[in-house]
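Comments concern the structure below.
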Amino acid sequence: MVMKGGCLCGAIRYEIADDATPSAVCHCRNCQKQSGASFSINLLVSTADFTMSGTPRRFIDTSDRGTEVHREFCGQCGSPLVSRSPARLDRIAVKAGTLDDPSGLKPSIQVWCDSAQPWLSLPDLPSVARQPTPADTSLASPTGDR
Ligand SMILES: [Zn+2]
Ligand SMILES: [Zn+2]
């Protein structure tokens with residue numbers, strides 16, 4: 001089944017062909033800043049399964065490893081939508097809070113727990129202190145991080 005989503009104002013819409021897409025909670029400071037919240041939830045999507053209409057703006061962020069992370073957001077309403085890594089063009093991280101129906105969402109891991117806000121506890125999720133490696137999980141981060 002196709003999952004659909006978009007930004008707050010509706011100028012940008014997207015579809016994900018694979019609804020079995022895994023997701024990860026990210027507690028990194030950059031996700032906290034960008035979301036204005038305590039963490040982001042990223043769907044880990046194959047680029048081939050993702051289509052977007054509308055033209056987002058882009059902020060070029062830097063990962064912990066020094067690689068670029070392209071954070072795309074709506075230039076009209078500011079909603080964060082996706083992150084892409086030029087080093088991993090086959091994967092894209094979709095900000096799951098922008099799904100039209102997030103009720104089926106069930107993150108399977110949390111990363112960057114070293115910078116998680118101290119009042120927050122998600123005890124049912126496997127935890128990675130910082131950037132996950134493929135050894136931590138089969139859910140290797142799609143953006144090379146963040
Ligand atoms: Zn918008
Ligand atoms: Zn992050």
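The values are calculated or read from the model by the stated rules, or taken from the named source; none is laboratory data. Not measured: the values here are computed from a predicted model. No Cβ is skipped: glycine too gets one built from the backbone with ideal geometry, and neighbour counts run over all protein chains shown.
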*asked:* For a quick check of your reading: which strands (runs of 3 or more DSSP E) sit entirely within the range 1-48 and have at least 1 residues that are within 20 Å of LEU125 (Cα to Cα) and touching a helix residue (DSSP H, G or I) at 6+ places or on another chain (Cβ under 9 Å)?
replied: 23-26, 40-46
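Which residue out of ARG71, ARG65 is assigned to a loop (DSSP other than H, G, I, E, B) and within 15 Å of ligand 2 (Cβ to nearest atom)? Let's see the steps before the verdict.
Working: ARG71 fails: assigned to a loop (DSSP other than H, G, I, E, B).
None of the other options fit; the residue is ARG65.
Yes/no per residue for (1) closer than 19 Å to GLY104 by Cβ; (2) more than 16 Å from ligand 1 (Cβ to nearest atom):
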residue	(1), (2)
VAL2	yes, yes
SER23	yes, yes
CYS28	no, yes
GLN34	no, no
VAL45	yes, yes
ASP49	yes, yes
MET52	no, no
THR55	no, no
*Does the range 75-114 hold any residues that are under 17 Å from LYS33 (Cα atoms) and β-branched (Val, Ile, Thr), and which are they?*
VAL82, VAL94, THR98, VAL111
_Complete set of residues in the range 53-71 that are crowded, with 21+ Cβ neighbours inside 10 Å and out of contact with any Phe, Trp or Tyr (no Cβ under 8 Å at 6 or more places or on another chain)_ = VAL69
*asked:* Can you find a residue that is surrounded by 14 or more Cβ atoms within 10 Å (Cβ to Cβ), touching a helix residue (DSSP H, G or I) at 6+ places or on another chain (Cβ under 8 Å), touching a residue at least 40 places away in the same chain (Cβ under 8 Å) and farther than 24 Å from MET1 by Cβ anywhere in the range 91-106?
replied: no
*the range 120-146 residues that are on the phi > 0 side of the Ramachandran plot and surrounded by 18 or more Cβ atoms within 10 Å (Cβ to Cβ), paired with ones that are of a type in the set (A, V, I, L, M, F, W, C) and modelled with pLDDT under 90 (beta carbon under 8 Å, 6 or more apart)*: GLY144/ALA87
